[in-house]
Amino acid sequence: MQEIGNEKLKEIYTTMLRIRAFEERAIVEYRKGLCPGFIHPSIGQEASPAAVCAFLRDDDYILTTHRGHGDIIAKGARFDKMMAELFAKETGYCKGRGGSMHIVAPDLNMLGATAIVGAGVPIASGVALACKMQNLDRVTICFLSDGATCTGAFHEGLGMAAIWDLPVVFVCENNQYAMSTPQRDYTKLENLADRTKAHGVPGISVDGNDAVAVAKVASKAIEMAREGGGPTFINAITYRYYGHHMGDPGTSYRTKEEIEEWRKRDPIKRLQDRLLQAKIVTESEIEDIKASLTRELDEAVKFATESPEPKTEDALNNVYYIAE
Amino acid sequence: MPELTYREALREALREEMKRDESVFILGEDIAEYGSAYKVTQGLVEEFGHDRIRNTPLAESGIAGAALGAALVGMRPVAEIMYIDFSLLALDQIFNQIAKFRYMTGGVVKVPLVIRTQGGGGRSAGLHHSQSLEALYTHIPGLMVVMPATPYDAKGLLKSSIREDNPVIFIEHKGLYGQSGTVPEEEYLVPLGKAEVKRQGKDITVVAYSNSLILALKAAETLEKDGISLEVVDPRTLRPLDEDTILNSVEKTGRLMVVHEACKTGGFGAEIAAIVAEKAFDYLDAPIKRVAALDSPIPFNPKLEDYVLPNENDIIRGALELMGKELPEQ
């Protein structure tokens, strides 16, 4: 804990609270029928995005997945524009064209969430390649799921990052299930990080529910990437409390006991206990943070509710860029 | 004006645009010392170095994805996919990511990238090196699709494609690389989305692109001797399609034939036929004719390949039919 620094730890903790508060509220609004389509909550997985993004500069890039709310919030996304996107409103990050699975915030160098599992990997390598070719000392984080490591795109993108020593860190938010399929059914490997041996990329497995452990690994990987040392793959083992998406109770392929067991290892509670014990935060500070998050979310929901929907006559805008 | 081959014209376009704009770079398989499968990039690595003439692993999805990522961060990648048949390995990146990225962001980003590839048969290259798959790409909103037939158009269209702020699928034809044509020394661009009437005529509008344009022009010469006058229109860009030039020509001739090397069912000719039926039905004096490949994989055997692919004679017979003339024996 010492080497991370108290301020950084507090920042990570606060980000984790932000992610969870947003997603819990999104679920409430979704259940009211206010968010069309699908929502894929990442509740339980907050340690990785918070601990990784804590070591990024504003001009560093991230890419994420259909389960990306946490990663996007960790990069600094605003609740109001995110909630508006979930509500399919014109004021959302994608003007209501993307939705929960596709939030993009170029102003935050958050370059998109793809709902095709694994597809972000080569794109991230391309972003990192462009940074390297333009001598920008920016690092790209590619968040991906464990299921993504089965795809061809993962291996193609990782291979390019390796041979070109690209400044990219692949962060596998390994919730141990590719939708409903457990790791033992999709690979013979016990350690998913071993996949990267095939590409000569360092693969590090870490307790993805231990924010401090993730922070240590991520900060080193980011530093290495920035200094020209090439890519790293981080296998952060974690768990999602909910099902694949809100329509899946998540219990047909996981036992209630297993879910309960993982809830006991809750990443927020774990860091909170350590911070309280070390007197880095106090109970009353935590209450203040949570109260402020509730206010921010009330405002965000109000903003999303009151925002206009896109106009149908604008449906075809931006299929192509048209020079003015 | 100097004569250049289609291959040289493409190489000149790449060279000029790379000199003009440092953000332009090429990535693809075997494009550096090897000079690419059809030698379009030959010599460019000596001039621009390995950073900008970037050999990639054999990974089409990776190539297309990396091109997208680079395009999002200030570069103008020109990705080469060796054969259009291989581009099928990259379709998730092209259809789901590249084509949709701008729309997904509500218009906040541009995606300035070109995917250069080549298709077509006629060389016994077999089932996985001979297809004409342009219709797949024209079906996806967000993509532009360019198919040049002449060295002049190849150069001017490739330069425009590289400067374009939308993703462009640039489809060359393997049978055209050695064809020569006049190409001016001074700089010029051919705009995307503009067809060209390659031959004026009065009896039948023939819309043909890529190698089929060459066949159509030859057929037009032959038919002229029989007193049938073809007006040959090269759309050059399939998306966006210059409908006006086609419709104006049909208004003039009253007859339409579409020629392409792709197989007939679901081919782009069906789209052109439908547009003319929707918008110029009253001008038509005869049913629309499509001359296309038979609905078959491209056979290896040269005789069978010839049989499956459309040729000059098919165009001539189609024209005679449209004009109500007697068909010569096969």
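All of the numbers you see were taken from the coordinates with simple rules; none came from a lab. Computed from a predicted structure; not experimentally measured. Note that each Cβ is placed from the backbone with ideal geometry, even for glycine, and that neighbours are counted across all protein chains shown.
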Jot down the per residue volume, in cubic angstrom and as a whole number, of the convex hull over the alpha-carbon atoms of the stretch A:6-307.
119 Å³
Euclidean distance between Cα centres, the stretch A:148-193 to the stretch B:58-105, Å:
20 Å
Residues whose placed amide H lies under 5 Å from that of B:Leu27, excluding near-sequence neighbours
B:Arg54, B:Val78, B:Ala79, B:Glu80
Binned at 5 Å starting from 0, the alpha-carbon pair-distance distribution of the stretch B:3-182 in whole percents comes out as 1, 9, 19, 23, 23, 16, 7, 2, 0, 0
If you take each beta carbon of peptide B:108-120 and count the beta carbons of other chains within 10 angstrom, what is the mean?
2
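Hey, fewest Cβ within 10 Å first, where do A:Val281, A:Val171, B:Val206 land in order?
Neighbour counts put them in this order, fewest first: A:Val281, A:Val171, B:Val206.
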Per GNM of chain A with C-alpha springs under 10 angstrom, the most fluctuating residue out of A:Gly230, A:Gly70, A:Gly247 is A:Gly247
Quick one: P(r) of the stretch A:29-71 from all Cα-Cα pairs, 10 Å bins, percents rounded to integers, in order of increasing distance.
23, 44, 24, 9
By Cβ neighbour count within 10 Å, fewest first, B:Leu294, B:Leu157 rank B:Leu294, B:Leu157
Averaged over every viewing direction, what's the projected area of the C-alpha convex hull for the stretch B:76-180? Give it in nm², one decimal, please.
6.5 nm²
Classify the stretch A:1-150 from the C-alpha gyration tensor, please: rounded if a/c falls under 1.5, else prolate or oblate depending on whether a/b exceeds b/c.
oblate
For A:128-140, what's the mean count of beta carbons from other chains sitting within 10 Å of each residue's beta carbon?
4
Overall dimensions of the stretch A:101-216 by Cα: Rg and Dmax, Å:
14.3, 42
If amide hydrogens are placed 1.01 Å from N in the peptide plane, which non-local residues have theirs closer than 5 Å to the one on B:Ser229?
B:Lys202, B:Asp203, B:Ile204
How high is the relative contact order of chain A, in percent, with contacts defined as C-alpha pairs under 8 Å that are six or more residues apart?
22 percent
If B:Met147, A:Met110 are placed from fewest to most neighbouring beta carbons inside 10 Å, the sequence is A:Met110, B:Met147
Quick check: convex hull of the Cα atoms in the protein assembly as shown, volume per residue, rounded to a whole Å³?
168 Å³
Here the convex hull volume per residue of the stretch A:230-308, taken over Cα atoms and given in Å³, is 209 Å³
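Just to confirm the filter: which trypsin sites (Lys or Arg not before Pro) across the stretch A:192-265 are DSSP coil and have at most 15 other Cβ within 10 angstrom of their Cβ?
A:Lys264, A:Arg265
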Distance histogram for the stretch A:53-111 (every C-alpha pair counted, 5 angstrom bins, percent rounded to whole numbers):
4, 23, 32, 25, 11, 4, 0
Two decimals, Cα atoms only, Kirkwood Rh: what is Rg/Rh over the stretch A:176-324?
1.07
C-alpha center-to-center spacing [the stretch B:122-171, the stretch A:11-52] in angstrom:
43 Å
Cut-off under 5 Å, modelled amide H: who pairs with B:Ala262 long-range:
B:Ala293
In the stretch B:1-68, which GluC sites (Glu not before Pro) fall in coil by DSSP and have 16 or fewer other Cβ atoms within 10 Å?
B:Glu22, B:Glu33
Note down the Stokes-Einstein diffusion coefficient of the stretch B:196-322 in µm²/s, whole number, using a Kirkwood radius over alpha carbon pairs, 20 °C, and 1.002 mPa s.
149 µm²/s
Relative to the compact-globule scaling 2.2 N^0.38 Å, provide the ratio for the alpha-carbon radius of gyration of the stretch A:171-235.
1.19
Which value in Å does the Kirkwood hydrodynamic radius of chain B take, with 1/r averaged over all unlike C-alpha pairs and then inverted?
20.2 Å
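Report the trypsin sites (Lys or Arg not before Pro) located in the stretch B:201-233 that are in a DSSP loop and have at most 15 other Cβ atoms inside 10 Å of their Cβ, or state none.
On the way: sites: B:Lys202, B:Lys218, B:Lys225; in loops: B:Lys202.
Counting only loop positions with at most 15 other Cβ atoms within 10 Å, the trypsin sites (Lys or Arg not before Pro) in the stretch B:201-233 are B:Lys202.
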